[in-house]
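Participant: So that we are looking at the same thing, I have put the structure below in structure tokens.
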Amino acid sequence: MGMKKSKGFTMIELLVAIAIVGILAAVILVSLNDARHGAEDAQVQGQMDSLSKQSLISFIPINGFDAVCGTNGVTQDPVIARLIADIEVESGGSVICNSVALEFAVSAPLENGDFWCVDGDGVKKEIPSALATTPAPGETLCP
């Protein structure tokens, strides 16, 4: 009598296959999580860019940036107010907004702990988390 050939997989082979699939799934999940955070930051940066453009539109009728944050008795531009609310939802943090007649600076938190800042001089840049209160109250330029 000859040896009987078994059909199918042994328990060891199945466990190895399951372990490999588990490792691949973990790697993919980490990559997807990183991509999701990158997409959220890109969304915040895009909304901040829209805010910067809207600030120029709101500048024209009053010849100043007071409508960006609603300062000096000027009502905040409703489009900018909506953008700030959307940015806070997307970023999960508070937007810092400072404006005076001829300057403004707005910053929003990013997923990596840093901040994205835009100002009236057209600056759009990432600010390290070490400067967490950037711009400081009353500061109207991105550092």
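Every read-out reported here was derived from the displayed coordinates using simple, explicitly stated rules and does not represent laboratory data. Please read all numbers here as calculations on a predicted model, not as lab measurements. Cβ placement follows ideal geometry from the backbone for every residue including glycine, while neighbour counts extend to all protein chains displayed.
Participant: Give the residues of the range 81-128 that are under 21 Å from Gly38 (Cα atoms), free of Cβ contacts under 8 Å to residues at least 24 places away in the same chain and assigned to a helix (DSSP H, G or I), sorted by residue number.
Facilitator: Ala85, Glu88, Val89
Participant: Let me ask you something else. Scan the range 28-47 and report the pairs whose first residue is surrounded by 11 or more Cβ atoms within 10 Å (Cβ to Cβ) and whose second residue is among the aliphatic types (A, V, I, L, M), with Cβ atoms within less than 6 Å and a gap of 6+ or a chain change.
Facilitator: Asp41/Leu110; Val44/Ile87; Val44/Ala108; Gln47/Leu83; Gln47/Ile87
Participant: Another one. What's the total number of residues in the range 56-80 that are assigned to a helix (DSSP H, G or I) and buried (at least 17 other Cβ atoms within 10 Å of the Cβ)? Break it down into steps so the answer makes sense when it comes.
Facilitator: Taking the range 56-80 and keeping what is assigned to a helix (DSSP H, G or I), we get 56-62, 66-69, 78-80.
With buried (at least 17 other Cβ atoms within 10 Å of the Cβ) added as a condition, the list becomes 58-59, 66-69, 80.
Within the range 56-80, residues that are assigned to a helix (DSSP H, G or I) and buried (at least 17 other Cβ atoms within 10 Å of the Cβ) number 7.
Participant: Taking Gly8 as meeting all but one of (1) in contact with a helix residue (DSSP H, G or I) (Cβ under 8 Å, 6 or more places away or on another chain); (2) of a type outside the set (Lys, Arg); (3) outside any helix (DSSP H, G or I); (4) more than 30 Å from Ala101 (Cα to Cα), write down the number of the exception.
Facilitator: Tallying (1) in contact with a helix residue (DSSP H, G or I) (Cβ under 8 Å, 6 or more places away or on another chain); (2) of a type outside the set (Lys, Arg); (3) outside any helix (DSSP H, G or I); (4) more than 30 Å from Ala101 (Cα to Cα), Gly8 fails exactly one: (1).
Participant: Next question. Just to check your reading of the model, which residue among Ile28, Ile18 is among the β-branched types (Val, Ile, Thr), more than 29 Å from the chain's Cα centre (by Cα), more than 30 Å from Asp77 (Cα to Cα) and part of a helix (DSSP H, G or I)? Give the steps one after another, and end with the answer.
Facilitator: Details: Ile28 fails: more than 29 Å from the chain's Cα centre (by Cα).
Ile18 is the lone residue from the list that is among the β-branched types (Val, Ile, Thr), more than 29 Å from the chain's Cα centre (by Cα), more than 30 Å from Asp77 (Cα to Cα) and part of a helix (DSSP H, G or I).
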